[in-house]
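Structure first, then comments.
The values are calculated or read from the model by the stated rules, or taken from the named source; none is laboratory data. As the structure is a prediction and not an experimental result, all values here were calculated from the model. Heads up, the Cβs are rebuilt from the backbone with ideal geometry, glycines too, and the neighbour counts pull from every protein chain shown.
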Amino acid sequence: MKRLILPLTLLFGIAGLLAVGLALGDHDDDDDDGGRSKSSPAAALADPGYALYTNECGGCHLAYPPALLPAASWEAMMGGLSDHFGDNAELDADTAATIRDFLARNAAAPGAGKHAERTWRATRGLEPPLRITATDYFRGKHHEIPAKMISDNPEVRSFSQCAACHQGAERGDFDDDRVRIPGYGRWDD
């Protein structure tokens, strides 16, 4: 029996690594939907909370597509609006409830599109990330981009400024083929 423990441990370890690799997926994500998941704002225009979300949240920053984070992350974020990344973004109770519901309905989840499902799988069971840039999926997609092109670039400054390089970000379009880094041009990995 002791002779089986090491081979079984190795087998389960390799299987676990393969599962993580599959959850994070490959990095040439050409979708039929142009990089938009079924839960992107472009697909959620008819949702009753969409206009309110884009007006309230998009008034200060990109109204990030809800499918970029799981519902638990959006719930945590909505629960901490008094200190929203250093700013007070508190909303009245009705507005907050409508936006919270919109985010939950359109968050990363099984069946919400290829990218949204990968994000959901990669964050399941973990502390809900509050930053899209903290997800393994995001890091896997951006790991090859040198800091000088983003943080040292006065036209971008941060990976959180999605719209600086992804001109379709407000529509949930993050297609690799349409990335243009200000001052550098088209990104071609």
Gly183 vs. criteria touching a residue at least 24 places away in the same chain (Cβ under 8 Å) and either on the phi > 0 side of the Ramachandran plot or part of a loop (DSSP other than H, G, I, E, B) (or both)
yes
Being loosely packed, with under 13 Cβ neighbours inside 10 Å and within 23 Å of Gly113 (Cβ to Cβ) is the filter; apply it to the range 175-189 and report the residue that is modelled with the lowest pLDDT.
Asp189
One residue is enough: does the range 48-67 have a residue meeting the conditions modelled with pLDDT under 95 and in contact with a strand residue (DSSP E or B) (Cβ under 6 Å, 6 or more places away or on another chain)?
yes
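Condition first: in a loop (DSSP other than H, G, I, E, B), closer than 20 Å to Phe174 by Cβ and among the small types (Gly, Ala, Ser). Now tell me which residues in the range 119-152 satisfy that.
Listed by number, the list holds a single entry, Ser151.
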Consider Arg157 carefully, then state whether it is surrounded by fewer than 18 Cβ atoms within 10 Å (Cβ to Cβ), outside any loop (DSSP other than H, G, I, E, B) and more than 16 Å from the chain's Cα centre (by Cα).
no
Picking from His166, His115, His143, which residue would you name as being surrounded by 13 or more Cβ atoms within 10 Å (Cβ to Cβ), free of Cβ contacts under 8 Å to residues at least 40 places away in the same chain and under 17 Å from the mean Cα position of the chain (by Cα)?
His166
Only unsatisfied item for Asp94, checking (1) at positive phi; (2) without any contact (Cβ under 8 Å) to a residue 40 or more places away in the chain, is (1)
Within the set of pairs 6 or more residues apart or between chains, which connect a residue that is surrounded by fewer than 15 Cβ atoms within 10 Å (Cβ to Cβ) inside the range 46-62 to a residue that is part of a loop (DSSP other than H, G, I, E, B) and not acidic (Asp, Glu) with Cβ atoms less than 8 Å apart?
Cys60/Ala89
